[in-house]
Amino acid sequence: MPRAYTVERIEKRVPIEVAVHICGDERTPGVEETFTENVSARGARVITGRRWRMNDLLMLASAGDFQTVARVAYCQPRRGEGFAIGLEFLEPVGSWVVHS
C-alpha cells in the first residue's frame, strides 16, 4: 500500500499585500503592476491577470530596493478572474519584507 507524505515549508508564509512589479522575458513578454497574497524570505504568492507556465522565469521588484529573478512554481485560476502564481526567488537583491 502506498504511503502518503506531507511536505512542510521551510519557512512560514506571512499573509500580506505588497505592491510588486512583474516582468516576463522574451518567451513570456509583458509587464504588470500587481500585489502579493502572502510572502516568505524565499518566495511569494502573487496575483496576476495572465496564465503563466510552470518554470517560467520573470523579474519581480517591490517598492524600495528589492528585486529578483523568480521561477513560477505553480499557476492556479482564481475565482472570478485572474490567476495566483507561486514564485521561488532565485537571485534576490536588496531588502524584502520578510527576513529569515
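Among the candidates Glu33, Glu37, which residue alone is in contact (Cβ under 8 Å) with a residue 12 or more places away in the chain and touching a His at 6+ places or on another chain (Cβ under 7 Å)?
Details: Glu37 fails: touching a His at 6+ places or on another chain (Cβ under 7 Å).
So the residue among Glu33, Glu37 that is in contact (Cβ under 8 Å) with a residue 12 or more places away in the chain and touching a His at 6+ places or on another chain (Cβ under 7 Å) is Glu33.
When the residues of the range 32-42 are narrowed to those that are under 17 Å from Ala61 (Cβ atoms) and at pLDDT 95 or above, which ends up surrounded by the fewest Cβ atoms within 10 Å (Cβ to Cβ)? Selected residue: Glu33.
Scan Ile47, Ile22 and give me the residue that is free of Cβ contacts under 8 Å to residues at least 60 places away in the same chain and in contact with a Ser or Thr (Cβ under 6 Å, 6 or more places away or on another chain).
Details: Ile22 fails: in contact with a Ser or Thr (Cβ under 6 Å, 6 or more places away or on another chain).
Only one candidate passes the filter, namely Ile47.
Residues that are touching a residue at least 24 places away in the same chain (Cβ under 8 Å) and exposed (fewer than 11 other Cβ atoms within 10 Å of the Cβ) do occur in the range 65-72. In the range 41-68, what residues are of a type in the set (Gly, Ala, Ser) and farther than 24 Å from Arg79 by Cα? Scanning the range 41-68 gives Ala41, Ala61, Ser62, Ala63, Gly64.
Please work out if Val14 is surrounded by 18 or more Cβ atoms within 10 Å (Cβ to Cβ), in contact (Cβ under 8 Å) with a residue 12 or more places away in the chain and not acidic (Asp, Glu). Against the criterion (surrounded by 18 or more Cβ atoms within 10 Å (Cβ to Cβ), in contact (Cβ under 8 Å) with a residue 12 or more places away in the chain and not acidic (Asp, Glu)), Val14 does not qualify.
Select from the range 1-24 the residues that are in a loop (DSSP other than H, G, I, E, B) and in contact with an Asp or Glu (Cβ under 8 Å, 6 or more places away or on another chain) and write down the one among them that is modelled with the lowest pLDDT.
Our first condition is that a residue be in a loop (DSSP other than H, G, I, E, B); within the range 1-24, this holds for 1-13, 16-18, 24.
Filter again for in contact with an Asp or Glu (Cβ under 8 Å, 6 or more places away or on another chain), leaving 17, 24.
Working: Glu17: 94, Gly24: 91.
It comes out as Gly24.
Residues in the range 42-55 that are more than 11 Å from the chain's Cα centre (by Cα) and over 16 Å from Glu81 (Cβ atoms): Arg53, Met54, Asn55.
Is one or more of the residues making up the range 58-79 assigned to a strand (DSSP E or B), modelled with pLDDT of 95 or more, of a type in the set (S, T, N, Q) and farther than 27 Å from Ser95 by Cβ?
The answer is yes, given that some residue of the range 58-79 is assigned to a strand (DSSP E or B), modelled with pLDDT of 95 or more, of a type in the set (S, T, N, Q) and farther than 27 Å from Ser95 by Cβ.
Residues in the range 33-48 that are among the β-branched types (Val, Ile, Thr) and touching a Phe, Trp or Tyr at 6+ places or on another chain (Cβ under 8 Å): 4 in all.
The values are calculated or read from the model by the stated rules, or taken from the named source; none is laboratory data. Computed from a predicted structure; not experimentally measured. All Cβ positions, glycine included, derive from the backbone under ideal geometry; neighbour counts span all protein chains shown.
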